[in-house]
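This report refers to the structure that appears directly beneath it.
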Amino acid sequence: MTVACCGLAVATGPCIAVGPAHVLQRGSLSVVPKRITSEEVMAEVARLEQALDAAQQALRAVRRQIPSATPLNVAEFIDSHLLMLEDAALVEPARTLIREQLLSAEWALQQHRDALIQVFEDMEDPYLRSRRDDVDQVVRHVLDFLLGDKQCQQSSDGEISGCVIVAHDISPADTIVLRHRGAAAFVTEHGGPMSHTAILARSLNIPAVMGVRNATRFLHPGETL
């Protein structure tokens with residue numbers, strides 16, 4: 001049986017790919033609400049700092065993988081996420097929640113992420129509203145390290161050369177790494193034509209369809225897309 005899924009084509013020109021589906025099982029991270037004691041505050045802040053540092057190092061490693069012949073704006077997407085990780089507006093409120101409300105590092109970061117996302121979603125300008133994806137991706141990147149999922153996820157991706165990647169969402173860093181590993185195209189449940197990932201896909205001439213609801217549910221590994 002043939003199944004047709006609808007989404008938004010974000011590439012320009014005749015951009016077509018055919019290949020087996022490779023489904024990345026990276027749904028929403030499950031952050032368990034947890035309170036800490038006053039004696040644990042320093043250790044929890046240190047955990048947050050270590051995760052931030054690890055996320056920065058991982059992004060810098062991705063940036064070094066970008067071929068010199070790649071359009072200049074490709075590296076700028078990684079730089080923008082690095083700047084967000086260094087921005088006090090992203091990390092300082094999470095530190096405050098740890099110190100003042102005795103929240104675990106991951107819960108504090110998730111709480112602050114939810115507040116930031118709401119601010120962007122309330123914006124009228126479509127481009128500014130789409131920046132919520134960058135906040136979500138950067139926070140997700142840090143939470144990966146806080147929850148200890150990053151290494152597991154990377155090792156479970158397997159062989160992807162020639163495959164059409166199907167995912168809940170793909171960050172600019174993921175886009176570069178997966179393309180470097182031979183991914184033929186991308187299908188995501190979230191994102192739109194003005195997201196940084198979409199702009200990056202166009203710069204790299206990668207066929208991509210975004211906003212395909214329940215893609216990871218209905219598209220199965222190995223199916224020809």
* To do: Kindly list, by first and then second residue, each pair from a residue in region 30-53 that is touching a residue at least 40 places away in the same chain (Cβ under 8 Å) and of a type outside the set (F, W, Y) to a residue that is outside any helix (DSSP H, G or I) and open to solvent by 30 Å² or more (accessible area, probe 1.4 Å), limited to pairs with Cβ atoms under 6 Å and residues at least 6 apart or on different chains.
  => R35/L102; I36/L102
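Just to verify a result, which residue in region 195-211, among those that are farther than 9 Å from A11 by Cα and hydroxyl-bearing (S, T, Y), is farthest from the chain's Cα centre (by Cα)?
S195
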* **Enumeration of residues in region 59-94 that are open to solvent by 40 Å² or more (accessible area, probe 1.4 Å) and closer than 23 Å to L116 by Cβ** => E76, D79, L83, M84, E86, D87, A88, A89, E92, P93
* Search region 24-53 for residues being touching an Asp or Glu at 6+ places or on another chain (Cβ under 9 Å) and not basic (K, R), and hand back the single one that is modelled with the lowest pLDDT. => L29
* Asked: From the list D174, D169, which one is in contact with a strand residue (DSSP E or B) (Cβ under 6 Å, 6 or more places away or on another chain) and among the acidic types (D, E)?
  -> D169
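From the list A201, A208, pick out the single residue that is in contact with a Ser or Thr (Cβ under 9 Å, 6 or more places away or on another chain), closer than 20 Å to D79 by Cβ, touching a residue at least 40 places away in the same chain (Cβ under 8 Å) and hydrophobic (A, V, I, L, M, F, W, C).
Values: A208 fails: closer than 20 Å to D79 by Cβ.
That would be A201, the only listed residue that is in contact with a Ser or Thr (Cβ under 9 Å, 6 or more places away or on another chain), closer than 20 Å to D79 by Cβ, touching a residue at least 40 places away in the same chain (Cβ under 8 Å) and hydrophobic (A, V, I, L, M, F, W, C).
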* Asked: Which one of the conditions (1) on the phi < 0 side of the Ramachandran plot; (2) out of contact with any Asp or Glu (no Cβ under 8 Å at 6 or more places or on another chain); (3) without any contact (Cβ under 8 Å) to a residue 24 or more places away in the chain does I117 fail to meet, given that it meets all the rest?
  -> (2)
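The values are calculated or read from the model by the stated rules, or taken from the named source; none is laboratory data. All values derive from a computational prediction rather than experimental measurement. Neighbour counts are summed over all protein chains in view; Cβ atoms, including those assigned to glycine, are modelled from backbone coordinates with ideal geometry. These area figures cover heavy atoms from the full protein model, side chains too; ligands, DNA and RNA do not enter into them. Shrake-Rupley method; radii C 1.70, N 1.55, O 1.52, S 1.80 Å.
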